[in-house]
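Okay, structure first, notes after.
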Amino acid sequence: MGSVMDPLGIFFAITGTKGNKLLFRYPFENTESRKTRGINPYSLIVTEDVQNNRSNSPDSSADSKRSSRSSSLVEDVGAPSGTQRLRSLTDKTLEHIFAYNIKPALYNQKFEVKIDDILFVGHPMQVPANGNRQSWRANSGDKSTADSSQPPLTPTSNAPPSTRDTNSSTNSANVSQSGTSMFHVVFALRAEDITAFIVESYHRLSLKLALAVSHEEERCQYLAVNVKSLNGSAEFAENISANALVKTSPYSMALEKNPLAILLQRVYDDLVRDGTTSVRVNDWVQVNFCLLPRIHRNLDLSEAALTEHVMKMRPYHGLLLLDEQDVTNDLPIDSSSTLVRFIRIVSPLSNFQQLAMEAGVTLKQIFSMAGHLIYWAKARLIFPVCETNVYALSSDASTKVLSDTVDEFARRFSDLSLLEILSDFSMPQPMRDMISPFSENIDTGKLTQIVIWCLRKELLMQLHTFVYLVPQDVQDLHYLQNESLNWLSLPYAIRDTINAIPAAAAITEDGQPSELVFFMKIIPYLRGRTHLEEMMFNLNVKRSQLTTVLDKFREVLVTTVYEDPNIQNFHKTL
Amino acid sequence: MPHWQYGKASDRCAHDAISPIGSILYSEFHNQFGPMITYEVPDKRFTNTGLFEQIASYIIPKPELMARQVTITSGNFRVVGYPIQIENNERKKYERNSFMFNLCFVFNIDAEVRPYEPVIKKLGDYLRTVEVETAFLSNEASKATLPVLMTKMLTDLNGLGRCSVEINLSNTLFLKVVPPDRGAGPVVHDYDVPVLLSDSSHGGLVGDLTTRQVVPLIDGVKNVHQISEEVDADPDLVKSCIQNLMFYAIVRVVPAFNTANVHRVTPGLQQFVCDPLLQQECIRTVARDSNDLPSLRDLMMLFGDMQIGVTVKSLLSRHSNIASKIDERKLCDFGVIHGFIRRVYKYPLYTRYNQATAKSATAIRMFNGTFHTDEIQQKLDLTVKDLDERIEQDQLICVCWK
């Protein structure tokens, strides 16, 4: 499914002794038959039928299938489509935007330019100085303005010669052939819908890729080799096109053999498909990236909001792995063995405290591993599934009669219908009370499986009981805003009202007003922010004890039931 | 029918959420010096950074980027421009055969600039026209009036969100900053009931013909479809008119009221607890008699007991002692508008639904889980009772609440 957060394209441009070049772009069009905007800048952009255009073009290269697939994914979303938008800019123009226009003073910092409804974001990276100092100087020489403000990473010509420099001079002949002073990985994004956080995420990815390429260039001239090969493809394509009627795109040539082009293509395809990517630059430097708003299906998500959510983890919470398959397969090979063990024992039925005991690690470690899984959208924070839980249909749940979810449910639980289950969950009640109305082909175990399945599909939300301390004659509720509410900080009038309740006066055989003492302990939680389960955990009491005392003092209490805002609000789906 | 209201409409026109303009630049391509900043108001804060040298190629760009919105973010600034190139024409010959300029707004790096983009485009196109017609920019005398105009734009757009600029005697330019979420307005359905949030604010709004007809009919009872029938206008027209009024926070839509409706309390109730003004407003709004006001506990009990499965009717009978003091319709509307409660709709699902059912002539074709009973009633013109009977008599129909 296409998303507004997907990139429209990925680009690779360089500045070097031979000028500025857009060496690779993906997706691209196989033919150059498209109409460009021409000389008059006020002319309208010609809207063409992209699909037809493409089907006419010969599927000469092996990658055309792949390129058209990703492009059509982009086109699904709204108009004007991604390719159509990018079409209004020729490769030459893009070359200017990504390389020619970027003065050396703008190297090594965030690049963000918006043209109409396309936003370009990248990080122009100066090529590591040890390899091609000479060429950089040669390049900046013909730019009149540049020399005065040299970027900080440039070594000056009178820098003391180091061992590294002498090393580099031996292979400088090799590098100066490519003569690259700057390279630039750019993403094109849909400008109108995306948030600053998404732009920043793509910038970070561009920077990560640039750093990896830069490192590999320093280590084994990865960039120089690739630039040479990409230049080669461009020339080769030009030669072929000059001789043949059919024009060949240099970019499809590059995809056949150039590792960097294949890498960038993979990054783009991964992002469009999953919103995450994990690649190795030059089979060596690992680059991992996930677009948080995309994988959490929340356009407005920010890292801060996610962190805040993760910080709300409590020992009584549990973890629901979202994928029924084994998550461990997705982990990098060098991942921590504790994490693998943790994933093996995680169950939606047990809370973190139990998991910590079972795994034999501290709760803090469990929290950080759980937070990690939540961050990568592999798991979700839940309250462990148990018989006393009350579930209701989530407001965003799809109740469509004909849908894949219904079919999937029928395959998974052969003798049951999802629609009836949803209907049963429409009336909130504790899980243990739901069994009786069902036919005999369902038991607690099966119901639990169903609940877990529905939670994964976000069809259900859990309701919790919250209690407010609101006596009848109270005129304002400011005391409920007191973060450290307790018996002593309550207004006198309210204390008097509570004391007047019969249960408060009841004295046990050892002369203590035990009910009142217990109630006093509960008071900090009667602000409507703490649910019954958390109270039970914090006070270490049984549910029955709590409900009894709440019932005895019910004339000053307002009891209500709603979802836990700490868990639920985060799952606002697009 | 009196116009009853729910609190003050927040004045969206005072654009607090929109980032202010830092400065306004007028940049042009000088015959000898190339791209340069000719004027900057209010001071030279951008000029003095020297950043212009670095990004000049995005402000006075190559021809292919002319007449496009170009925004460049660099250093601590975000520069939004609309570069214009004018070729030689019959009135004017330029020394370099063309005249290039760009009137840019400069913002802080983290500013939201989208609201300003239409303004900048309009400004650029307008300046282009006056240049072609009267050589406004290439004539040194008239160009010198620019800083004054730019200063006025800066103060007015920042202060009021709108501005009118008299370029010369015969040309006046009107500019307005529009908040960005205009396009993605809330969806209005046929079955939604609009309510006025405030009586006073729509007085100032000179609406179009439909709006003027629609506003007097908003009484908190009629739904959009009924209003459109009454004014004899296309429902879509009325919907977009309501959307527009919602954008200016004059109107909100609520579900049609019926005692069989079900609401459910949400964590939004915390807002009620935390806001004494809201509590007082709620008490005043929902009371039937100003001498017999409900207490805070009464309201909390009512809101708190709104759960799935509890209709308004059963809620009132459960709290019969409070019920007499409360106008239940206002209570529900107030709760929905402020987000303490949300309406829970009933979705009839026909379990044997297939492609043939979809073509059926009876109500059953709508029992596919995408329509709730309010919508079905409105579309098929059924009463609540008829539809409920229809749903109950069929064993193959199950009901979901969400």
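Looking only at region B:23-67, count every residue that is basic (Lys, Arg) and either more than 11 Å from every other protein chain (Cβ to nearest Cβ) or buried (at least 20 other Cβ atoms within 10 Å of the Cβ) (or both) and tell me the total.
Result for region B:23-67: 2.
Out of A:Asn258, A:Asn231, A:Asn282, I need the residue that is more than 15 Å from A:Leu22 (Cβ to Cβ) and of a type outside the set (Asp, Glu). Which one?
Only one candidate qualifies: A:Asn282.
Evaluate region A:434-443: report whether one residue or more is of a type outside the set (Ser, Thr, Tyr) and within 27 Å of A:Asp330 (Cβ to Cβ).
No, because not a single residue in region A:434-443 is of a type outside the set (Ser, Thr, Tyr) and within 27 Å of A:Asp330 (Cβ to Cβ).
Among the residues of region A:306-339, how many are part of a helix (DSSP H, G or I), of a type in the set (A, V, I, L, M, F, W, C) and open to solvent by 40 Å² or more (accessible area, probe 1.4 Å)?
Here the count works out to 1.
It is to be established whether one or more residues within region B:379-388 are more than 13 Å from chain A (Cβ to nearest Cβ) and open to solvent by less than 30 Å² (accessible area, probe 1.4 Å).
yes
Report, by residue number, each residue of region B:68-88 that is at negative phi and open to solvent by 30 Å² or more (accessible area, probe 1.4 Å).
Matches in region B:68-88: B:Asn76, B:Phe77, B:Arg78, B:Glu87, B:Asn88.
Based on what the data block shows, is A:Gln286 open to solvent by 60 Å² or more (accessible area, probe 1.4 Å), on the phi < 0 side of the Ramachandran plot and touching a Lys or Arg at 6+ places or on another chain (Cβ under 8 Å)?
So A:Gln286 passes the test.
When you scan region A:490-540, how many residues do you find that are among the small types (Gly, Ala, Ser) and open to solvent by less than 40 Å² (accessible area, probe 1.4 Å)?
3
Before we move on, is A:Leu209 touching a residue at least 24 places away in the same chain (Cβ under 8 Å) and under 30 Å from A:Pro293 (Cβ atoms)?
Yes.
Examine region B:124-135 for a residue that is in contact with a Gly (Cβ under 9 Å, 6 or more places away or on another chain), closer than 22 Å to B:Asn89 by Cα and in the same structural domain as B:Ala67 (by TED's automatic domain parsing), and state whether such a residue exists.
yes
Out of the residues in region A:103-119 meeting the condition of being at pLDDT below 90 and within 27 Å of B:Pro118 (Cα to Cα), tell me which one is farthest from the other protein chains (Cβ to nearest Cβ).
Among residues in region A:103-119 that are at pLDDT below 90 and within 27 Å of B:Pro118 (Cα to Cα), the one farthest from the other protein chains (Cβ to nearest Cβ) is A:Asp117.
So in region A:389-416, with the set limited to residues that are surrounded by fewer than 16 Cβ atoms within 10 Å (Cβ to Cβ) and farther than 24 Å from A:Leu322 by Cβ, which one is nearest to the other protein chains (Cβ to nearest Cβ)?
Among them, the one singled out is A:Leu402.
Select from region B:257-279 the residues that are touching a residue at least 12 places away in the same chain (Cβ under 8 Å) and open to solvent by 30 Å² or more (accessible area, probe 1.4 Å) and list them in ascending order.
B:Phe257, B:Asn258, B:Thr259, B:Ala260, B:Gln271
Tell me the helices (runs of 4 or more DSSP H) entirely within region B:113-174 that contain at least 3 residues that are surrounded by 15 or more Cβ atoms within 10 Å (Cβ to Cβ) and at pLDDT 90 or above.
Where helices (runs of 4 or more DSSP H) fall fully within region B:113-174 and carry at least 3 residues being surrounded by 15 or more Cβ atoms within 10 Å (Cβ to Cβ) and at pLDDT 90 or above, they are B:117-134, B:146-159.
Against the condition under 30 Å from A:Asp300 (Cβ atoms) and at pLDDT 85 or above, how does A:Phe187 come out, does it pass?
Taking the combined requirement at face value, the residue satisfies it.
Out of all the residues in region A:355-371, is one or more of a type in the set (A, V, I, L, M, F, W, C), part of a loop (DSSP other than H, G, I, E, B), under 22 Å from A:Glu534 (Cβ atoms) and in contact (Cβ under 8 Å) with a residue 40 or more places away in the chain?
No.
Suppose we filter region B:68-95 for residues that are within 11 Å of chain A (Cβ to nearest Cβ) and within 14 Å of B:Phe29 (Cβ to Cβ); how many remain?
6
Looking only at region A:91-102, which residues are facing chain B (nearest Cβ under 7 Å) and either free of Cβ contacts under 8 Å to residues at least 24 places away in the same chain or over 17 Å from B:Gly81 (Cβ atoms) (or both)?
Within region A:91-102, A:Thr93, A:Asn101 qualify.
Could we say that A:Glu420 is over 32 Å from the mean Cα position of the chain (by Cα) and open to solvent by 40 Å² or more (accessible area, probe 1.4 Å) here?
Answer is yes for this residue.
Which pairs turn up if I take residues in region A:323-343 that are farther than 17 Å from A:Ile366 by Cβ and look for partners that are polar (S, T, N, Q) and not in a loop (DSSP other than H, G, I, E, B) with beta carbon separation below 8 Å, at least 6 apart in sequence or on another chain?
Sorted first by the residue in region A:323-343, then by its partner, the pairs are A:Pro332/A:Ser278; A:Pro332/A:Gln286; A:Pro332/A:Asn288.
The values are calculated or read from the model by the stated rules, or taken from the named source; none is laboratory data. Predicted model, so just to flag it, every value in this text is computed and none were measured. FYI the Cβ positions are ideal-geometry reconstructions off the backbone, even for glycines, and counts take in every protein chain you see. We work out accessible area using only protein heavy atoms, side chains counted, and drop any ligands, DNA or RNA first. Shrake-Rupley method; radii C 1.70, N 1.55, O 1.52, S 1.80 Å.
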